[in-house]
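Accompanying notes for the structure given below.
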Amino acid sequence: MKRVILKLSSITETIQGLISSHKYGKAAAVASHAAADSSAQDLKKIVVILADALAEIGDRHPGRGRPKKSAWDEQNWRLSARISIARGDYALAVIARDLVDDRTVSPHDLAWFFFRFCLMPEGVPDEILIEEQLARSAEIISRDAAGSRAAARPYAEDFLKRLRLGPKTVPRKGFKAIAVERIAENSKLRIDQVRPKRRE
């Protein structure tokens with residue numbers, strides 16, 4: 001079976017693609033995780049991209065001329081981005097815990113996990129839509145599930161440590177409750193804002 005080899009995708013292209021699809025919260029989430037490992041030059045590009053997106057949202061209005069700046073719109077956008085980042089962190093933490101405990105993780109969840117770290121299997125084109133990238137990634141990952149989990153485990157361990165979620169310091173039993181409380185506390189949000197709705 002062919003081993004899954006990961007490649008680093010362009011962080012700025014990933015963020016721009018999400019913004020083009022009007023997925024601002026996800027774009028902010030990817031930018032948040034990418035910032036820790038980005039060069040100063042990439043960080044400048046990321047800040048410019050997010051600032052342009054925020055300005056574009058503020059400029060949407062009927063008629064001509066620049067409207068008065070709406071503090072509520074900006075605050076609402078920032079809150080939505082914070083909630084999206086926190087929910088993404090929670091979902092990543094649950095997947096990460098399954099990975100370090102060597103439990104089964106679906107190819108789709110693994111593809112999304114890699115994507116959040118701007119990683120994807122070799123053979124996935126950069127120029128296609130993000131949804132197609134995730135579908136292609138999941139297809140490649142499914143060919144070597146064990147190898148893909150092994151490749152993801154170091155990222156999972158580092159991510160859990162970054163959120164102070166172990167894995168050794170936090171028990172498996174009750175992990176989700178502890179994770180959502182800690183992420184909500186770190187993000188200054190309520191637990192109900194962090195815990196995502198159940199998937200259909």
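The values are calculated or read from the model by the stated rules, or taken from the named source; none is laboratory data. What you are looking at is a predicted structure, and each value in this text was computed from that prediction instead of being measured. Here Cβ is always computed from backbone atoms with ideal geometry, including for glycine, and neighbour counts include all displayed protein chains.
State all residues of segment 106-121 that are closer than 13 Å to A151 by Cα and assigned to a loop (DSSP other than H, G, I, E, B); if no residue qualifies, say none.
Matches in segment 106-121: F117 only.
For segment 119-133: of the residues being more than 16 Å from L18 (Cβ to Cβ) and surrounded by fewer than 13 Cβ atoms within 10 Å (Cβ to Cβ), which is modelled with the lowest pLDDT?
P125
Which residue out of A184, A152 is over 14 Å from I85 (Cα atoms), touching a helix residue (DSSP H, G or I) at 6+ places or on another chain (Cβ under 9 Å) and at pLDDT 90 or above?
On the way: A184 fails: over 14 Å from I85 (Cα atoms).
Going through A184, A152 in turn, just one is over 14 Å from I85 (Cα atoms), touching a helix residue (DSSP H, G or I) at 6+ places or on another chain (Cβ under 9 Å) and at pLDDT 90 or above: A152.
Taking the stated definitions as given, is A111 without any contact (Cβ under 8 Å) to a residue 24 or more places away in the chain and of a type outside the set (D, E)?
no
Of the residues in segment 20-35, how many are farther than 13 Å from D89 by Cβ and either exposed (fewer than 14 other Cβ atoms within 10 Å of the Cβ) or at pLDDT below 70 (or both)?
Result for segment 20-35: 5.
Just to verify a result, which residue in segment 134-165, among those that are under 16 Å from D102 (Cα atoms) and basic (K, R), is surrounded by the most Cβ atoms within 10 Å (Cβ to Cβ)?
Selected residue: R149.
For segment 177-200, how many residues are under 18 Å from R103 (Cβ atoms) and surrounded by 14 or more Cβ atoms within 10 Å (Cβ to Cβ)?
Residues meeting the conditions: 2.
Restrict the check to segment 161-174 and report whether at least one residue is part of a helix (DSSP H, G or I) and not basic (K, R).
Looking for residues that are part of a helix (DSSP H, G or I) and not basic (K, R), one finds none in segment 161-174, hence no.
Show the residue pairs that are 6+ apart or on different chains and have beta-carbon atoms under 6 Å apart, the first residue being within segment 176-193 and among the hydroxyl-bearing types (S, T, Y), the second being part of a helix (DSSP H, G or I).
S187/R82; S187/A86
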